[in-house]
Each structure stands twice: as structure tokens, then as C-alpha cells.
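Undergrad: Got a structure here, written out as C-alpha cells. Questions coming.
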Amino acid sequence: MAEIVFVHGIDQQQESSDKLESVWLPALAGGVRVAGFPDVADRIWRGTGKPGSIEARMAFYGSLFLVPGQQGDDLGEFTPKEAEFADVLALEWLQHVAKRATKEKTRQAGARELAFVTRQMGAEQGIGNVMRSAIGSLAKIPWFAPYGMGVAERFIKRSLVQVTRYFTNEDIRSAALKSVFRLIGPETKILIGHSLGSVIAYEAAQRMERPLSLLLTLGSPLGIQTIIYQRLRPQPPGFPPTVRRWVNVADREDYIAVEPDLKGLFSAGMPTGAVFEGGYTVDNGADPHNSDFYLGKVQVGTPVGEVFGKAATATSLL
């Protein structure tokens with residue numbers, strides 16, 4: 001059981017819990033240190049395994065998306081149900097590039113590709129046609145294609161597949177949630193989810209019976225009302241009843257984090273005294289969805305540090 005439980009995001013099927021912990025732990029410790037909690041940072045990372053250390057573990061579910069008999073990261077073909085879901089999600093991503101990108105050139109590219117896909121919707125009837133056109137269009141957006149269109153198309157398809165299958169495949173959904181609950185115990189104080197992992201963390205928090213000091217969602221798609229919000233459990237979505245503080249952190253350029261301020265969607269049932277924070281609060285530079293960049297920010301380190309200790313004073317840092 002762990003005091004901090006991590007839940008990773010999309011496209012981690014070739015990783016492992018140990019590998020991801022080796023990346024997330026120092027990243028989080030860095031954010032906590034920047035926030036002014038050096039002792040807590042040492043307990044998270046440099047003091048691992050020592051008396052007084054804070055145990056943080058990764059709930060790993062990425063291997064659920066590996067398909068036996070498929071080559072490498074090939075996740076197979078979409079079923080009609082999956083393709084219909086992926087159509088809506090891919091179109092949603094394109095719409096947000098067109099509307100929200102801070103760079104005019106990127107907004108123009110998004111609007112151009114959105115117009116192309118919309119025309120294709122009229123010209124090509126049939127489930128999955130939108131998705132195929134949208135994957136090609138998204139791959140032309142610099143945010144999705146830093147290493148070229150071929151890599152981008154594979155990444156986008158894998159991302160669509162994994163989000164889609166979490167919501168349409170009960171075995172995957174159940175196993176992903178079990179990976180979280182295997183690490184949760186009476187000592188668990190913080191649950192941190194990134195990307196699709198934030199959806200899993202939210203649904204896990206909804207099922208928790210013990211108090212949870214902090215729920216942190218990073219680069220979260222929870223606010224996608226057309227396709228994710230309406231499929232969350234339980235319905236209607238609300239504030240997890242045992243959570244004391246929920247902090248949602250988003251970069252404006254992170255198009256997967258469609259709605260940065262979740263309060264308007266998830267405040268129902270919020271317990272007296274609970275705290276709910278969110279907004280476009282960080283700048284992750286050229287890689288806005290990067291989990292390490294999120295974890296290293298003061299906006300993440302501060303609430304984590306506050307759970308475990310008091311901030312160091314300026315004098316104590318000298």
C-alpha cells in the first residue's frame with residue numbers, strides 16, 4: 001500500500017510500473033522542492049526506503065492494451081462501437097485545436113483541417129470515416145507531430161484506441177481500476193492521475209470509502225462532455241465524496257485537457273469544507289501534455305507538500 005498512488009496516461013503499453021516510478025518520483029520531488037517543501041521532496045525521492053520516507057507507487061494498466069498476436073504497438077482494428085466513439089473524440093480534439101491554440105498559425109491549421117474533416121463527414125458516410133480523416137488531420141498539427149506525421153498518426157491512433165477501449169470494454173475498465181485499488185490502503189493520502197489516468201483516478205476516488213486528502217488530475221480529458229463526461233461512473237458525475245481537496249492542473253496548449261476548470265461540471269455533492277481548484281495554471285512549453293513537466297510544477301508540488309508538511313521558511317533555506 002502507498003501514501004501516494006500514481007496513475008499513468010495513454011501510450012504507456014510498453015513500459016512498466018517500475019520504469020514509470022523511476023521517472024515520476026524525481027519529477028514530483030522536483031515540483032515539491034520548487035514549491036518550498038525540501039524535506040518532503042527528500043522523503044519522496046532521496047529517502048526512498050528509509051525511515052520516514054513517503055512511499056509512492058504507480059498503478060500500471062498499460063499492458064491491458066497489448067493485443068496478443070499483433071505486431072509491436074499495433075492495437076488491431078476498431079470495432080464499430082469503438083470507431084463510433086473514436087469519431088467523436090478525434091473530432092473534439094480537432095475542434096479544440098482550431099478554437100484554443102495560442103499560436104495563430106496552429107489555430108489556422110486546426111480550422112483548415114477541421115473544415116476538411118467536416119466535408120469528409122458529408123462525402124463519406126459510415127462509421128470510422130471521420131476518425132480516419134481526423135487522424136490524418138491531427139497528424140499535421142505540430143503539437144501532435146513533433147517527430148513527423150508517421151509517428152504522429154500511430155500515436156494518435158493508439159491514444160484514440162486506449163481512451164475508447166477503457167470506456168467500451170468492461171474487462172479493461174475493471175482491470176485498470178483494480179490496478180489502482182491494489183495500491184490503496186488506510187495510509188493512502190494522495191491520488192495523482194495524468195491524461196486517461198486522471199479518468200481512472202477519478203472513478204477510483206468515487207469508490208473510495210476512506211478519506212482522501214488530495215486528488216490531483218493533470219492534463220485531464222474529464223471535461224469532454226460529448227464523449228467522456230457522460231460515460232463516467234457514477235452518473236451524474238460529481239465531486240468524489242471522500243476527497244478533501246481536488247486540484248486540476250492544465251496547460252492551455254494541452255488539447256487533451258479540453259476543459260481546465262472542472263468546477264462547473266463536478267461540484268455536485270461537494271462535501272462541506274472540501275476544496276476544488278482548477279484552471280489553465282501551468283506552461284509546459286513545447287511538450288504541453290508531458291506528465292514529467294506537469295509533476296515538476298509548483299502548482300502540483302504545493303498541494304502535495306501541504307499534505308505532508310509545512311513549507312520551509314526563507315531562513316531555513318539559507
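The values are calculated or read from the model by the stated rules, or taken from the named source; none is laboratory data. The structure displayed is predicted, hence computed values, not measured ones. Every residue, glycine as well, gets a Cβ built from its backbone with ideal geometry; the counts of neighbours run over all protein chains shown.
Undergrad: Does VAL249 meet the test of being touching a residue at least 40 places away in the same chain (Cβ under 8 Å), among the aliphatic types (A, V, I, L, M), in a strand (DSSP E or B) and surrounded by 15 or more Cβ atoms within 10 Å (Cβ to Cβ)?
TA: Numbers: touching a residue at least 40 places away in the same chain (Cβ under 8 Å): yes; among the aliphatic types (A, V, I, L, M): yes; in a strand (DSSP E or B): yes; surrounded by 15 or more Cβ atoms within 10 Å (Cβ to Cβ): yes.
The answer is yes for VAL249.
Undergrad: Still on this structure, I have one more. For the range 272-288, state whether one or more residues are farther than 21 Å from GLY305 by Cβ and charged (D, E, K, R). Write out each step before concluding.
TA: Filtering the range 272-288 down to residues farther than 21 Å from GLY305 by Cβ leaves 272, 280, 285-288.
In the following step, the residues that additionally are charged (D, E, K, R) were identified as 287.
Yes; the residues of the range 272-288 include at least one that is farther than 21 Å from GLY305 by Cβ and charged (D, E, K, R).
Undergrad: Being within 16 Å of LEU28 (Cβ to Cβ), polar (S, T, N, Q) and touching a residue at least 60 places away in the same chain (Cβ under 8 Å), is that true of even one residue in the range 264-287? Talk me through it step by step, then tell me what you get.
TA: Here is the first cut: in the range 264-287, the ones within 16 Å of LEU28 (Cβ to Cβ) are 282, 284.
Adding the requirement that they be polar (S, T, N, Q) leaves 284.
Cutting the leftovers down to touching a residue at least 60 places away in the same chain (Cβ under 8 Å) gives us none.
No, the range 264-287 contains no residue that is within 16 Å of LEU28 (Cβ to Cβ), polar (S, T, N, Q) and touching a residue at least 60 places away in the same chain (Cβ under 8 Å).
Undergrad: Search the range 260-305 for residues being surrounded by fewer than 21 Cβ atoms within 10 Å (Cβ to Cβ) and among the charged types (D, E, K, R), and hand back the single one that is nearest to LEU215 (Cα to Cα).
TA: The extreme case among them is GLU277.
Undergrad: Something else: May I ask you to list pairs of residues, at least six apart or on different chains, whose Cβ atoms are under 9 Å apart, with the first in the range 100-118 being assigned to a helix (DSSP H, G or I) and the second being of a type in the set (Phe, Trp, Tyr)?
TA: Sorted first by the residue in the range 100-118, then by its partner, the pairs are ARG100/TYR255; THR106/TRP143; GLY110/TYR255.
Undergrad: Of these, TRP143, TRP93, which one is surrounded by 15 or more Cβ atoms within 10 Å (Cβ to Cβ), among the hydrophobic types (A, V, I, L, M, F, W, C), at pLDDT 75 or above and on the phi < 0 side of the Ramachandran plot? Break it down into steps so the answer makes sense when it comes.
TA: Numbers: TRP143 fails: at pLDDT 75 or above.
It is TRP93.
Undergrad: Could you please give the count of residues in the range 192-244 that are surrounded by fewer than 22 Cβ atoms within 10 Å (Cβ to Cβ) and touching an Asp or Glu at 6+ places or on another chain (Cβ under 7 Å)?
TA: The qualifying residues number 6.
Undergrad: ARG57 is checked against (1) assigned to a strand (DSSP E or B); (2) modelled with pLDDT under 75 and fails just one. What number does that condition carry?
TA: Here ARG57 clears every test but (2).
Undergrad: Say whether the condition of being of a type in the set (A, V, I, L, M, F, W, C) and over 16 Å from the mean Cα position of the chain (by Cα) is met by at least one residue in the range 6-22. If you could, list the steps in order and put the result at the bottom.
TA: To start, the set of residues in the range 6-22 that are of a type in the set (A, V, I, L, M, F, W, C) comprises 6-7, 10, 20.
Now drop any that are not over 16 Å from the mean Cα position of the chain (by Cα), which leaves none.
The answer is no, given that none of the residues of the range 6-22 is of a type in the set (A, V, I, L, M, F, W, C) and over 16 Å from the mean Cα position of the chain (by Cα).
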